[in-house]
Every structure is written in structure tokens, then in C-alpha cells.
Amino acid sequence: MIKDQDFLEAKAAYCLDVAKKIGASDVSVTIGHSISETVNFRNKNLDESNRSDGLAFSIDTYIGKKKSSISSSNLLNENLDILIEKCYETTKITPEDEFNSLPDKNLLADELKDLNIYDNTHINNDKKIHYLKELENIASEDKKIINTESSFTEKKTNFILANSDGFCSGYKTSSFTTSCVAVAKDENSMERDYEYSSKRYLDDIKDPQTLGKLASYQTIRKLSPKKIGSEKLSVIFDKRIAKGMLSAFASAISSSSIARGTSFLKGKINEQIFSNSINIIDKPDIIKGLGSKNFDSEGIKSETLNLVKEGVLKNYLVDTYNGRKLKLQSNGRSGGPTNLYFENGKQSYDELLKTNSKCIYITETIGHGSNLVTGDYSVGATGFFVEDGEFKYPINEITIAGNFKDMFKNIFLANDLNFEYSINSPTMMIEGMTVAGK
Amino acid sequence: MSNFFDKSDLARKDAENIVSDTLKNCDDGELYLEDSKSESIILDDNKIKSSNYSSDLGFGFRAVSDEVVAYSYSNEISKDSLKSSSENLQSTLKSVKGTYNNEIPKSNKKFYSDINPIEQKTLNSKLEVLNKVNDYLRKKDVSVKQVTANFLGEHKSVEIIRSGGEAITDIRPLIRFNVSVMLEKDGRKETGVYGIGGRQAYDDYLQNDNWKSVCDEAFRIASVNLESKPAPAGEMKVVLGPGWPAILIHEAIGHGLEGDFNRKKTSAFHNLMGQKVANEGVTIVDDGTIDNRRGSLTIDDEGTPTERTVLIENGILKNFMQDRLNARLMNTRSTGSGRRENYRHVVLPRMRNTMMLSGNQTQDEMIKSVDKGIFAVSFGGGQVDITSGKFVFNCTEAYEIINGKIGSPIKGATLIGDGPSILKEVSMVGNDMMLDPGIGTCGKAGQGVPVGVAQPSILIDKMTVGGTKL
């Protein structure tokens, strides 16, 4: 059973008390508990079961403007005593930093909305096994599928964040995740692809048939890929890849990158960085949302932010420390964005595909080719060659490259947004990227 | 050595009994206990940004039957907790009938000493070095706009208890020192990163103001990049420099030779054992036994002593890297390659220090032989799709080669290739094998473990360079 609020609050109160008694001027502590149970299947047989049950503790102690942190998984009081003492001693010899402080009291979350992010349902391993059997039976129906691996994870977490200004709050979350990876083979190649479903509530995950069919279909269609020549082309990003553009954007507007001067978007507030059809929103209170939260990792209330409006950058993602450096108020984004998404574009998916007589449709990228200092982007890719709106043949061993500054201005979006992940994008097209192949 | 039982209501004898009892009908399994301490001290933006210390204690209990692994972990070492893990394992493996294999090789060799690097240098003297780094770089040139430097230290104590009560222990120190610098000139910004590390004390790496050479190298890479032009796009010849660029070998070849992917036949190499997979001059080994290296281990995380495993010898595929599970199912022996990030994770076959050995050609000969291509000296990260064999890595320092001469530096670009065929494209192997500076972390199935790589300069006849210039 996941530990209840009382247990976590008592531990947090104990830590605050110990730290204050030995002389810390301010203290912030997080106590968390998480239980997760996973069953893995391979080729229709049980492969692995994994249960984890872990407590976690982390504390920041301040002496004026000096700050230090300690974390541990051992929550016995005698261990906590030793570690808090060590943290305090380290704080003493750590240099002052004028921007160190607890968050503004008047920004702290004062009420908890019920966001429906905890489902108390427990699904036992036998039922997980039943789901995975059905899933793999469907996924491996086609003879071209030579290997399937699937898994079902149930995760429950609870936490308390408390600080010496009187903040003390936390809540439970749950997630249920199923996935299937398939390998297909023909005389020319062996290919892998996947599908997964992750939801707050058990009843909302995709049924095993749908998931299995998708994993199988998406893998088989990649067989016998070709390598194409090098040229400038329009690139269409499948939704599961398009959201990566938003992740890069979120990193580039984090207040720490901005304050350090290591982002290509530094100083771009109120400037046009996307075409004027683009709106980007970060909304923390989506019911059942995978990124939903009541407050950020410092306790500051999170509210909806229009990050980009009609192509113009309106906000950074600001936490307390970097906000002080930048003379900006925290907007509750310590720890990053919440539910981040592009608003729908105007064209349908089919219209987007037909915009150009030829283009490529990317379903997977590999490599860490985003440089957020310069905006340079270059990654390996696999996908399909598209002519007159139709998928012609699979392609691989190519790279796609550009610079975010240009790419952002050339983004066109379809109107097929849905909320599958915590970061979501409609299908995306970027014109004029360099594709390198043969 | 940590005594995992002295502060617990769980006596060693009880733990041994629970382990033996739980595993009696299993083919393999063990109780893995781990006590780790780690620190991270970061200087950034002219200030000590954070000093973190972390202590983590826990166990992972594994039962293996045929192909099935049941695993349960907890960060509470107690009688109740171990019993509930045991029940969890038994519920997964209800009706198994295996024969527990008691054989585990022994060795007295140790590849690093039992030091605790965190305690061996005072916090004050670490802060002092970081501040010196900041001052040194900022005074070095007006273009220096940002400096980040950090120390990472770890002391990990592990004990493996097998059915029957056999216990195997290891103490593993690990440190890393990193410097990152950002330069700005004429409105253009570029970064350079360099680091060093291994399984010795901080001061073993910082003798004779060695931190200065780390700073100089990071600065040099950033300066080169300030002058870089857009990279070319398309297929061409690629010369790789010695040392760290061997992450190409790690991504392109190494992962595909891990036992699990080959047992499951999802690796592009699974049916190539004994066959020619590379040109004659290519020999690749994975070695866990080099003193004090980041990827070295006295024993792996199943208790097997590590070794030097020959993967490819003169172009012929000789061995896969194996943990006990995959070795048993493939009728071979463990190569001491069973590793896990920590007690929260199951063991997987992983690389240690993966090295391509020297040949007899020179880097000059390689460069001279290229009409149009690139010379890649340093890389960021890489990634591989095991099944299709396609792999990528990102250049962080590279130059164009025109008519046999090194030309302008080029912007960071992704290189993409095909694992099984890339070794056949290696047409020259240099005589200048070099180890990397001790900075690698390999990710697989969500687990990160420290690894090393090494190689001489090599010439690859054909790779796709993912630049923007057509």
C-alpha cells in the first residue's frame, strides 16, 4: 500500500524540526513514496516481473543565503539525524549566493484542486498477464513479426513537500502504462517499432487488441526501407516525434538556460519566433492529465501560461532562483512544463500531407542532435517517402538538419491534436530542411 | 566494507536462509545488497550553484527460472521487507523446477583500491579548485561568457549473497571532473566540454595543476567551434581521431554484441558468429580488467570476475558479452558482463571498456588519402537501433578534408551508419590507440552504467554526414 499523507507529513515535520534545531535559518524538505509493479512478456510468455517499493527524502538547508542539499532513500530517524547534520555542516562552508531563498510566500499554492490524477484501482499480476497475452497474440498474428516484447506497469506515488515558512502539501498520483515492441523481418531487413499507452486511470488505457494491431502494423510497414538522396525537402513529423520539438523549445525557455545565457531564445520575449499561426500553451489543470499538477517542485501554484501567442514568445518557464536572477516572478515552473501543447492548426492531416508534391514523413529520430545554445539541429531519422499525399516506401539511414530559429518559423500544424502524452503536438510539417542520405 | 546487517533486525544467517529457501527450485538468482554514497558539487555562472550529497541503501532480490526473471527491491533492509520480496518472487515463479547452478568463478585480482574518494578530499579544497577553474577561464579570454565545472564522486559497496550462503563483495570508487565553457564572439556562441575521471581519488587526476589542461581543452574545442562553417550533407569518407571517438564502436558494434539481443535474435549480429564482419585489420575487445578505468570492475554485479573478452579478432566475430542468464540459455559461460545501475535494477549484459586495437597505419596517411570528407576528433552522445543496426553519433569537433588536407572546422553534425556493415568500410586502422579520458556513461533499458572506450585513428570509406550544406 502506498504510504498515507500522515506518515509522510510526520517524517517531513521531523526533518524540519531537526534542521531548525541545529541552526538552519530556512529548510525545505520532500518526502516521497512510490510503488511500481511491472510484468514483462516476450513472445507470448512471461519474461520478467518486477516490483519496486521505495521511499525518498531530500532536504535543502539554508543559513541565510548559503544553501546545501542532501538526499537519501533511508528514512530511519537515526539516519536522517546524521544526514541533516552533515547537510547543515556543508551549508556552513558553502559560499553565499544572493539569489538563494525559499519561494515567495504569497505565491505558494493554497488549495488543492482535484485533478483526477489518482486512481486507487489495483490490477494484480495475473490480470496484467491476461492483458499482455491478448496483446501479443494480436501483435504476432502476421508471420513477418518474429519477436514481440510487451509490458504492463502500474505505478502509485505519494509525496509531501514542506518548508519552514509553513507550506506543507502533497498528493497521490497513479499511472498505468502498457507497451508493445515488435520486430518484423523480410528478405531485405529486420525492423523494430512500438506502440504504448499511458494513462492516469486504468480504464482509459488502450485495449490490448488496438495496441497490438498498431505495434504490428507500424513495424511491418517499415520493412525493406530505401536510402534516399541528399536534398532540401519538407519534413512531416508524426505526432510522437513532433512533441520533441516542444521539449526542445521548453528546455530553451527554461529560466536557468536564459539566466546562464546558454539558450538561443535568450532575450526573445515579445519577439516573433514562430509564424503567426502558432500558439503554445502550458496548462497544469487538465483533468487526468499526465503532466497535471497543483504546484511546482517548490510549492508555487501553477497556472495556465500562454507561452507563445500568434508566434510571439510571451513567457519563459520561471523558478524562484533563476527568476530572482532575471528579475522575474516565478510562474510555478520549477521542474519544467506541465501539460505542454501546440494548439491545432487549420489544415487536416491529409491536406498537410498533400501540401508538397513530395516530402518525407518521419516516425522516429535517433541521436541527441539538438544544440540549444546555437539552435543547430541534426538527427538520424527513419520514416516514409511521400508523393502526392501518399506513403510510397519506407526510408532509413538518413539525417535531417536545420536550425531551430529557421525551423520554428516554418512550422505548419494539422488539426489532429489529442492528449496522449504530457507534451502533445498535432502532426507537424517543417519546410526546407536538409535531408542527407546517399 | 559495509556491514548490511548490523543496523537491521535481519541477521546474516536469516538472510542466507531466506535466499536459499526462495531460490531452491530456481536456475539462478541472488540477493544483491548495495550501500552507495555520492556527491555532486557544481560551480556555474560564477557561483557554487549546488553541493549535493546522497546516500542510498537497499537490496534487490532476483529469482531466475529458465527465461523468466522475477525481481523485487526495497530500500529497507529488514526481515519483513526481505520476506515480502521473497513472497513476491515465489508468487511469480509458482511452479518452477530448476537446478540452481552454484558454480561461480573465483579470482583474487582487484582493479582498483578500497578508497572512498568523497572523504579523501575536503569540501573546501574541492570548492577551491572549482573557483580556480572559474577565475582561470574567465581571465583567459574576453570571449569567455559562461563557465560550469563540477566534481562527481561515488563510493559504492556491494555484496552478493547466493543460495547456499556464498557471499561476494566489492568496493567501487568512481570520480569525474568536468569543465564546460561557453564563448561569445561577434554575436556567435559556442560551447566546449572536457572531462576526466576513473576509479581513483580526485587528487590522482588533479596533480600538477592538471585541472588547467582540462580547462584549456574545453576552451580549445569552443574556440574551434566559433570558427566553424555549416557541415556538408551526404555520403563521404570519414577519418576518426583516436580515443573518445570509439563511442562509434560502442554504439555501432558493442550493443549489437550484447548477449540478450542475440539470444532473443533481435540483434543484427545474432546469426553472424564465426563469420567475417569486419576487414582483416580490425580487432575489438571488451575489457573489464584495466586498472582504475571508469568501465573496469573487479567483479560484475552477479559476482563473476570480469575479463578481457575478444569480440572480433582480425575481422571474425568471436564472442558475445554475456551475463549468467543469457550465457546459460545460449550454452556458454558468463564473460563477467552482468551489470546494473543500482539495486533497483535487474542485471543485463553490458559493455565495460570497449576497445579497437591498433593497426599499423598513420593518421597522416588516412587524411592524405581523402579527396572529400570529414575528420572527426570529438563527439557528444550516440545511439543505436539494435534491430535495424542503424546508429548515430554527434560530432562536437570536426573538420572538412579537401584534397588530402585538413580544412575549416565544421558545425556539429550527426553521422549515421549501419552497424553490421560499418566495420567492412573501415579501410585503414591507425597505430595510435588511445583510451578515452574517463567520462562515458552508457544507457540501456533506462539504466546508466560507467563505461570506457578506446581506439586508434581509423578511416571509414562511406558514412552519411548530416550537415546542412548540400
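So, B:ASP301, is that one surrounded by 21 or more Cβ atoms within 10 Å (Cβ to Cβ) and in a loop (DSSP other than H, G, I, E, B) or not? When the stated conditions are applied, B:ASP301 passes them. A count restricted to the range B:118-136 and to residues that are under 19 Å from A:GLU89 (Cβ atoms), of a type outside the set (D, E, K, R) and crowded, with 16+ Cβ neighbours inside 10 Å stands at 5. Considering the range A:423-438, and only residues there that are in contact with a Phe, Trp or Tyr (Cβ under 9 Å, 6 or more places away or on another chain) and assigned to a loop (DSSP other than H, G, I, E, B), the residue that is farthest from A:GLY291 (Cα to Cα) turns out to be A:THR427.
Just to be sure before I move on: is A:ASP238 crowded, with 17+ Cβ neighbours inside 10 Å and within 14 Å of chain B (Cβ to nearest Cβ) in the structure I sent? For A:ASP238, the condition - crowded, with 17+ Cβ neighbours inside 10 Å and within 14 Å of chain B (Cβ to nearest Cβ) - is not met.
Residues that are within 14 Å of another protein chain (Cβ to nearest Cβ) and either part of a loop (DSSP other than H, G, I, E, B) or within 24 Å of B:ILE410 (Cβ to Cβ) (or both) within the range B:441-459 comprise B:ALA445, B:GLY446, listed in sequence order. Taking the numbered list (1) of a type in the set (Val, Ile, Thr); (2) surrounded by fewer than 22 Cβ atoms within 10 Å (Cβ to Cβ); (3) closer than 30 Å to B:PHE61 by Cα in turn, A:VAL39 passes all entries but (2). For A:SER28, the test of being in a strand (DSSP E or B), in contact with a Pro (Cβ under 9 Å, 6 or more places away or on another chain) and either away from chain B (no Cβ under 12 Å) or free of Cβ contacts under 8 Å to residues at least 40 places away in the same chain (or both) is passed. The residues listed here are A:PHE412, A:PHE408; of these, the one that is among the aromatic types (Phe, Trp, Tyr), more than 10 Å from chain B (Cβ to nearest Cβ), touching a residue at least 40 places away in the same chain (Cβ under 8 Å) and surrounded by fewer than 22 Cβ atoms within 10 Å (Cβ to Cβ) is A:PHE412.
Every residue, every condition in (1) within 13 Å of chain A (Cβ to nearest Cβ); (2) buried (at least 23 other Cβ atoms within 10 Å of the Cβ); (3) without any contact (Cβ under 8 Å) to a residue 60 or more places away in the chain; (4) assigned to a strand (DSSP E or B), yes or no:
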site	(1), (2), (3), (4)
B:THR354	no, yes, no, yes
B:ASP364	no, no, yes, no
B:ILE367	no, no, no, no
B:PHE375	no, yes, no, yes
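Out of all the residues in the range A:359-374, which are polar (S, T, N, Q), within 20 Å of the chain's Cα centre (by Cα) and modelled with pLDDT under 95?
Matches in the range A:359-374: A:SER370, A:ASN371.
Residues that are among the aliphatic types (A, V, I, L, M), more than 30 Å from B:MET182 (Cβ to Cβ), within 14 Å of chain A (Cβ to nearest Cβ) and touching a strand residue (DSSP E or B) at 6+ places or on another chain (Cβ under 7 Å) within the range B:384-438 comprise just one, B:ILE422.
Among the conditions (1) surrounded by 22 or more Cβ atoms within 10 Å (Cβ to Cβ); (2) touching a strand residue (DSSP E or B) at 6+ places or on another chain (Cβ under 7 Å); (3) without any contact (Cβ under 8 Å) to a residue 24 or more places away in the chain, A:ASN371 misses just one, which is (2).
The residue that is nearest to the other protein chains (Cβ to nearest Cβ), counting only those in the range A:37-66 that are in a strand (DSSP E or B) and of a type in the set (Lys, Arg), is A:ARG51. Checking each residue of the range B:52-59 against the condition of being within 11 Å of chain A (Cβ to nearest Cβ) and over 26 Å from B:THR122 (Cβ atoms) gives at least one match.
Number of residues in the range A:97-131 that are assigned to a helix (DSSP H, G or I) and either within 30 Å of A:ILE35 (Cβ to Cβ) or within 24 Å of the chain's Cα centre (by Cα) (or both) equals 7.
When A:THR173, A:THR177 are checked against the criterion of being touching a residue at least 12 places away in the same chain (Cβ under 8 Å), closer than 30 Å to A:ASP4 by Cβ, in a strand (DSSP E or B) and within 14 Å of chain B (Cβ to nearest Cβ), a single residue qualifies: A:THR177. Applying the set (1) under 30 Å from A:ALA184 (Cα atoms); (2) in a loop (DSSP other than H, G, I, E, B); (3) in contact with a Ser or Thr (Cβ under 8 Å, 6 or more places away or on another chain) to B:ALA278 leaves exactly one unmet item: (3). Look at the range B:386-415: where a residue is at negative phi and a partner is basic (Lys, Arg), sitting 6+ places away or on another chain with Cβ atoms under 6 Å, you get B:THR387/A:ARG192; B:SER408/B:LYS229; B:ILE410/B:LYS229. Does A:ASP119 qualify as being surrounded by 17 or more Cβ atoms within 10 Å (Cβ to Cβ), of a type in the set (Asp, Glu) and in contact with a Ser or Thr (Cβ under 7 Å, 6 or more places away or on another chain)? In short, yes. The residues in the range B:213-231 that are assigned to a strand (DSSP E or B) and either crowded, with 21+ Cβ neighbours inside 10 Å or on the phi > 0 side of the Ramachandran plot (or both) can be counted, and the count is 0.
The values are calculated or read from the model by the stated rules, or taken from the named source; none is laboratory data. Computed from a predicted model, the values in this text were never measured in an experiment. Note: ideal-geometry Cβ built from the backbone for every residue, glycine included; neighbour counts use all protein chains shown.
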